[in-house]
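Below is one structure, written out as structure tokens, with a few remarks after it.
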């Protein structure tokens, strides 16, 4: 479970790269936010590969409890494109918009983030491209250089989606923002 972060920090105080794989586990984004904000180690690169995430109703309250931003993580990857077999379709459809907003809020606490890599499925992309949320994230993360969003699954060409991508790309010209459809 995500709470194991503390053990990595305790046993590997000079750990710079941590990659966690959760095959069929649901990751709680709210708890992950609190844990990441409390990491005091030398972790510069953090990757999380999971099948799904949950969204507590008190997510905003959890974010308000975070008083010190996380300053060591420079590269963050979250891969949440697989749909777990044991979850009903309705669970997934009801939570797709929450994922997008909460993942962006999670990244905002990483003040020195330079590289963001998101791997999502086609159901998450529409809400993930919220221009206002990206404006806030980019203004909070001054070191940001590159954002890569990989979208798994084919979607029809959507003019609204293309316009959102272009608006995000133009927020700050020094950031390379790319969306890849695979």
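I'd like to check something: does segment 91-100 contain any residue that is at negative phi and at pLDDT 65 or above? Talk me through it step by step, then tell me what you get.
Filtering segment 91-100 down to residues at negative phi leaves 91-100.
Checking which are at pLDDT 65 or above leaves us with 99-100.
Checked segment 91-100: at least one residue is at negative phi and at pLDDT 65 or above.
State the number of residues belonging to segment 105-133 that are in contact with a strand residue (DSSP E or B) (Cβ under 9 Å, 6 or more places away or on another chain) and part of a loop (DSSP other than H, G, I, E, B). Before you say what the answer is, go through the steps one by one.
At the first step, the residues of segment 105-133 found to be in contact with a strand residue (DSSP E or B) (Cβ under 9 Å, 6 or more places away or on another chain) are 106-107, 109-122, 124-125, 128-129.
Retained after the next criterion (residues that are part of a loop (DSSP other than H, G, I, E, B)): 109, 111-114, 122, 124, 129.
The number of residues fulfilling the criteria is 8.
Of all residues in segment 146-163 being over 13 Å from residue 129 (Cα atoms) and part of a strand (DSSP E or B), which is modelled with the lowest pLDDT?
Checked segment 146-163; the qualifying residue modelled with the lowest pLDDT is 152.
The values are calculated or read from the model by the stated rules, or taken from the named source; none is laboratory data. Not measured: the values here are computed from a predicted model. All Cβ positions, even for glycine, are placed from backbone atoms using ideal geometry, and neighbour counts span all protein chains on display.
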